[in-house]
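Written below as structure tokens is the structure these notes are about.
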Amino acid sequence: MSDEQERHWVQSCLLGDTGSFSHIVARYERMVRTMIGRLVDDEDQVEELAHQTFISAYENLAKFHGKSKLSTWIGKIALNKTRDYLRSYKKRMTTTEDFDDMEIAQDAPDLESQVQVQQNSRILERALEQLRGSDRDMIILRYLYEYDYNTIAGILQCSKDAAKVRGWRAVSTLRGMLARMGAEI
């Protein structure tokens with residue numbers, strides 16, 4: 001799909017042709033579900049957040065001025081919807097150290113290594129929760145979604161160099177937190 005075709009569909013939607021939006025959904029549905037699915041394990045919730053993303057995109061289509069790619073704009077909406085969900089989810093959940101979910105074979109040759117990996121994973125989750133929102137977003141976009149700095153700059157609405165600096169700062173902060181928390185990095 002070309003940028004010109006996307007602009008046509010956006011303009012058609014703004015002029016009242018709601019059917020044109022289905023082309024946009026078809027084009028970006030997989031991208032949105034993948035983004036959300038990397039942060040949310042519940043498939044039903046992924047579905048709901050994707051649905052909310054496209055509703056919000058449709059309702060705010062007039063605010064899309066084409067300064068960034070449509071995919072970037074929709075990706076930012078998906079990230080914001082997911083972030084809002086995770087904040088509310090965190091408030092509802094209590095943090096427990098439940099070892100029932102550890103799947104360690106009794107005859108595992110290196111039980112100590114498996115326990116250490118599980119502990120490091122929990123420490124990483126806690127550290128990510130404690131990071132400032134902008135640093136957490138940077139880590140997620142760069143290392144979980146594996147976006148390049150040009151794409152990240154578009155999502156965060158900053159220059160590529162600023163995105164690189166933010167990325168370096170976020171990694172530095174995360175490493176320090178992990179070391180203080182006792183993770184073996």
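The values are calculated or read from the model by the stated rules, or taken from the named source; none is laboratory data. Everything numeric here is computed off the predicted structure, so don't read it as measured data. Reconstructed Cβ throughout: ideal geometry from the backbone, glycine too, with neighbour counts over all protein chains shown. For accessibility, only protein heavy atoms count, side chains too; no ligands or nucleic acids. Shrake-Rupley method; radii C 1.70, N 1.55, O 1.52, S 1.80 Å.
List the residue pairs whose Cβ atoms are under 9 Å apart, where the first residue sits in the range 40-64 and is in contact (Cβ under 8 Å) with a residue 40 or more places away in the chain, the second is assigned to a helix (DSSP H, G or I) and open to solvent by 60 Å² or more (accessible area, probe 1.4 Å), and the two are 6 or more positions apart or on different chains.
That search, which allows pairs on different chains as well, returns 40/89; 45/89; 58/18; 61/14; 62/14.
Do you know which residues across the range 144-169 are among the hydrophobic types (A, V, I, L, M, F, W, C) and open to solvent by 60 Å² or more (accessible area, probe 1.4 Å)? Talk me through it step by step, then tell me what you get.
Restricting attention to the range 144-169, the residues satisfying the condition of being among the hydrophobic types (A, V, I, L, M, F, W, C) are 144, 152-153, 155-156, 158, 162-163, 165, 168.
Those that are among the hydrophobic types (A, V, I, L, M, F, W, C) and open to solvent by 60 Å² or more (accessible area, probe 1.4 Å): 144, 165, 168.
Filter the range 26-41 down to the residues that are acidic (Asp, Glu) and open to solvent by 80 Å² or more (accessible area, probe 1.4 Å) and list them by number.
Scanning the range 26-41 gives a single hit, 41.
Every residue, every condition in (1) under 19 Å from the mean Cα position of the chain (by Cα); (2) outside any helix (DSSP H, G or I); (3) modelled with pLDDT under 85; (4) surrounded by 11 or more Cβ atoms within 10 Å (Cβ to Cβ), yes or no:
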residue	(1), (2), (3), (4)
90	yes, no, yes, yes
95	no, yes, yes, no
100	no, no, yes, no
108	no, yes, yes, yes
171	yes, no, no, yes
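Hey, can you tell me all the residues within the range 13-25 that are buried (at least 16 other Cβ atoms within 10 Å of the Cβ) and either among the small types (Gly, Ala, Ser) or at pLDDT below 85 (or both)?
20
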